[in-house]
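Asks: Next up is a structure, given as C-alpha cells.
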Amino acid sequence: MAVHSKHPAATPPAPPVRERTRHLLLRGWCIFVLFLALSGTAWVHAFGTTVAAAVAIGGGIVSVILWIVIRPPVYWQRLPWFVVGFVAWATLSLLWSAWPSTTALTLLLLWITTIQALFVGGVLTWRELVRAAASALKWVIGLSFVFELWVSVVVGAPILPGFIVGKADDPIEYWSRDNLFSGERIQGIMGNSNLLGPVALLAIIVFAIRFAAGAPRRVLLWVWMGLSAYLFLRASSATAYVAAAGVLIVLATVLLMRRTRGPGERTKYYIAYGVVGFGGLAAFWLLRDRIFSALGRDSDLTGRESIWQDVLERAGERPWLGWGYATPWTPWEPAFDGWIIDHGQTVLQAHNMWVDIRMQLGIVGVVLLGMLYLAFVWRSWFFAVDRPRWDLRDDRPYSPLTLLPTLVGAIVLVQGLAESSPLLLWGWMFVVMLGAKIKQSPHVGEGPAEQSAAIERDEPAKRMP
C-alpha cells in the first residue's frame, strides 16, 4: 500500500515570481522614452516647439533621477568611448562655433538623447529592451494609422501643424495631406514620409524578432507586421526602400554565417558579401537615373546633390574643426535662415549625415563619427553571427534578439546617405543604446545588466567593478 510522505523531496509548489509595481513602472517609462525618440517631430507638429522641448528636457531629468536612484550595475571600463569622444568633440565646438546659441541648444538635445539611450540600455535586459521597443513602435504605428484615418474620415482635408485646417503655400508644409484614400504618400504622425518609412521598416524587424523569439499573442504580431508593412509601402520613401534591401542582404548573410562550422568557412561568404555590397553600390550609383525614375524620384535625389554641394563649399572654409555643432539646423539662425531653400522652405539639414558633420565638426568630427559607426557595426555583426559562448560549451542556440543591432545598423547607415536624421532622435538613440548594451552585456542573459532574476524581481543587483 502506497504511503504519502510528509517530507517530499521536491520543492513545494509556489506561484510564479511576479514583477513588482516599481519595475513595471520603470519599464513603462522606458517605453515612453523610446516613443519620444521614435515619434520624432510629432510633438512639435502637435503641441509646438516649446512644449516639445519641455517634454524632452523633463524626460531627460526624470531618467537621470531614476538612474541615480536605481543605480543599475555598470562595467565602467566598457563604456561606449567612441560615443563619449564624439559627444565631447561636439561639446568642445562651443569654443569656436559660428552659431553658439544654436550649438548650445542642439547640444542639449544630443546630451539628452545620449543619456536616455544609456539609461534604457542600462536598466533593461535584452529581452525587456526588445519588448519595450516593440511596445513603443506599436504606439507610433497605431497612432500614425489612426491619425491619417482621422484626417481623411473626420476632417476630410489636409491639416497644418497644430491641428489647423487651412491652405498651405506648398504641400511640404502640411502635417497630413489627406492621402490615405487617394493612393498618394502618407506621412503619419511625424508629418514626413521619409521619417515614417524607416520607422515602419524598424517596426517590421522588431515585431518579426519578437515572433521568432516565441513572444505571446503571435496572431497580433502578424497584425502589427501587416500594418507596419502597409505604412511602409504607403510612405513610399526611396531611402526606406534602399534600406530594406540592405536589411535583407545583411539578414541573409548573417543566417549564412550562422550555418558555418568554423571561422575559416566564413571567408568565402565575406568575399561574396563584399563583392555584392560594393558591386551593388556601384551599380546603384551608375544606374541611379533609372532607379529613381522607377521610384518616381529625381536622379539627383530630389535636389540633395545641390544641397550637398552648398554645404561642402561652406565646410571647405573651416576644414578641420568645422563651424560648430548644429543638428538640426535652427530656422531662426541667420546663418541657416534662407541659406538653402527647397519648395519655398528653409532646409534644416544637409540630407547626408557625413556631409552635415563635415560642415559642423570638420574632418575630426567625421573621423570620430566614422570610428563610432565602425565600432558599432563590428560589435553588432559578431554579436549576431557568433554563437553565444563564455565557457567551454560551444553548442548554445542563437537568439533572434541578437539580430536587432546589426539590422538597425543597416537602416541607419543607408538612411544616413540621404538624411541627417540618424544623428538625432531614434537613429542616434538606437545606435548608442544597442552599442552600449553589447559592450555591457555581450550575451543575452549574461552581463551586469542581464541579471534578469534580480532586475525583474526588483532585488538589489550585485555591483560590478
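Every number here is computed from the coordinates shown, using simple stated rules; none is lab data. All of these numbers come straight from a predicted model, not from anything done at the bench. For neighbour counting, all protein chains shown are included, and Cβ atoms are generated from backbone atoms with ideal geometry for every residue, glycine included.
Asks: Charges at C-beta only: +1 for Lys and Arg, -1 for Asp and Glu. How large is the resulting dipole of the stretch 63-217 about its Cα centre, in Debye rounded to 20?
Replies: 740 debye
Asks: Under 8 Å for C-alpha pairs, at least 6 residues apart: give me the relative contact order for the stretch 26-148, rounded to a whole percent.
Replies: Across the stretch 26-148, relative contact order equals 48 percent.
Asks: Oh, and also: Sorted by packing (mean other beta-carbon atoms within 10 Å per residue), highest first, where do 248-254, 337-343 land?
Replies: Ranked from most to least packed, the peptides come out as 248-254, 337-343.
Asks: Moving on. Between the stretch 120-144 and the stretch 303-363, what's the alpha-carbon centroid distance in Å?
Replies: 33 Å
Asks: Sticking with this one: Charges only on Cβ, +1 for Lys and Arg, -1 for Asp and Glu: so what's the dipole of the chain about the Cα centre, in debye to the nearest 20?
Replies: So the magnitude is around 2180 debye.
Asks: Per DSSP helix of 4 or more residues, -39500 (n - 2.57); summed, then divided by the residues of the chain. What does that give at 222 nm, rounded to the nearest 500? Walk me through the numbers on the way to the answer.
Replies: Details: 16 runs with 273 residues, N = 465.
After summing the helix terms and dividing by residue count, I get -19500 deg cm²/dmol.
Asks: May I ask you to order 396-402, 172-178 by the average number of other C-beta atoms within 10 Å around their residues, highest value first?
Replies: Going from most to least packed, we get 172-178, 396-402.
Asks: Continuing with this model, one more query. For the chain, find the longest principal axis of its Cα atoms and tell me its angle to the long axis of helix 193-212, 0 to 90°, nearest 10.
Replies: It works out to around 10 degrees.
Asks: Then there's this: Charges on Cβ only, +1 for Lys and Arg, -1 for Asp and Glu, centred on the Cα centroid of the chain; of Trp323, Thr113, His45, which one is farthest towards the dipole's positive end?
Replies: So the residue furthest toward the plus end is Thr113.
Asks: Pairs of Cα atoms under 8 Å, at least six residues apart: use those to get the relative contact order of the chain, whole percent.
Replies: Reported relative contact order: 24 percent.
Asks: Treating the Cα atoms of the stretch 142-199 as identical point scatterers in vacuum, please give the log10 of the normalised Debye intensity I(q)/I(0) at q = 0.13, 0.20, 0.22, 0.29 Å⁻¹, two decimals.
Replies: The computed values of log10 I(q)/I(0) come out as -0.27, -0.65, -0.79, -1.35.
Asks: Where the eigenvalues come from the Cα gyration tensor of the chain, what are the semi-axes √(5λ) of the equivalent ellipsoid, largest first, in whole Å?
Replies: Ellipsoid semi-axes (Å, largest first): 38, 26, 25.
Asks: Restricting attention to the stretch 197-235, which trypsin sites (Lys or Arg not before Pro) occupy a DSSP loop and are surrounded by at most 11 other Cβ atoms within 10 Å?
Replies: Taking the stretch 197-235 and a limit of 11 other Cβ atoms within 10 Å, the loop trypsin sites (Lys or Arg not before Pro) found are Arg217.
Asks: Oh, and also: Could you let me know the centre-to-centre spacing of the stretch 397-450 and the stretch 23-91, using Cα atoms, in angstrom?
Replies: After rounding, the separation between the Cα centres reads 16 Å.
Asks: Arrange the peptides 27-40, 156-169, 50-63 so that the one whose residues have, on average, the most other Cβ atoms within 10 Å appears first.
Replies: 27-40, 50-63, 156-169
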